[in-house]
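Below is one structure, written out as structure tokens, with a few remarks after it.
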Amino acid sequence: MGGETKVYTLAEVAPHNNNKDCWLVISGKVYDVTKFLDDHPGGDEVLLAATGKDATDDFEDVGHSSSARAMLDEYYVGDIDSATIPTKTKYTPPNQPHYNQDKTSEFVIKLLQFLVPLIILGVAVGIRFYTKQQSA
Ligand code: HEM
């Protein structure tokens, strides 16, 4: 009976971002929560703040109950074209071997900074000791 699932782009969903018309994207699905705004135990502001983006993390971070999850069906209007959701910025770790190499030379420099004055001091004390002995 029902027609095909409507697939929305994020650009189509994003304008539904006010208290007269509020759509959310959660776990790949689009929900029209306009009628739920006043009833949401977490308040309407958090829902409005979660519009225009993938609100999955916002929804999950709250740890919604299973009854809250069951309510989702009621507001379902279609699916989101996931290609239109900007992917999360991938963290690319710094070049590891190079980074390690840098660390090693940093360590050697620190060690030298510590050792060189000690060596100079040691040599100076040695010379002083030696010359004192000779003149005595
Ligand atoms: C259609 C989507 C949503 C539905 C059906 C929904 C439903 C509910 C329900 C039933 C509760 C009561 C506690 C529970 O049963 O878990 C709740 C609490 C809450 N919701 Fe949502 N929620 C939705 C989306 C969101 C989003 C996108 C946010 C954004 C952060 C959010 C934030 C909160 C917060 C902060 C509470 C806690 C309120 C409190 O305990 O004081 N909700 N929600």
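The values are calculated or read from the model by the stated rules, or taken from the named source; none is laboratory data. Computed from a predicted structure; not experimentally measured. No Cβ is skipped: glycine too gets one built from the backbone with ideal geometry, and neighbour counts run over all protein chains shown. Surface areas here come from the heavy atoms of the whole protein model, side chains and all, with no ligands, DNA or RNA. Shrake-Rupley method; radii C 1.70, N 1.55, O 1.52, S 1.80 Å.
Figures for the structure shown
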| quantity | calculated |
| --- | --- |
| Boolean, Leu118 is of a type outside the set (Val, Ile, Thr), within 16 Å of the ligand (Cβ to nearest atom) and in a helix (DSSP H, G or I) | no |
| Long-range neighbours under 9 Å by Cβ, at least six apart or interchain, first residue over 20 Å from Thr9 (Cα atoms) and more than 9 Å from the ligand (Cβ to nearest atom) within segment 39-62, second open to solvent by less than 50 Å² (accessible area, probe 1.4 Å) and assigned to a helix (DSSP H, G or I) | Asp44/Phe36 |
| Some residue of segment 90-103 being more than 16 Å from the ligand (Cβ to nearest atom) and more than 30 Å from the chain's Cα centre (by Cα) | no |
| Residue selected from segment 8-20 under the condition surrounded by 12 or more Cβ atoms within 10 Å (Cβ to Cβ) and more than 17 Å from Glu74 (Cβ to Cβ), by the criterion farthest from the ligand (Cβ to nearest atom) | Thr9 |
| Filter pass, Asp38 being over 26 Å from the mean Cα position of the chain (by Cα) and closer than 19 Å to Thr5 by Cβ | no |
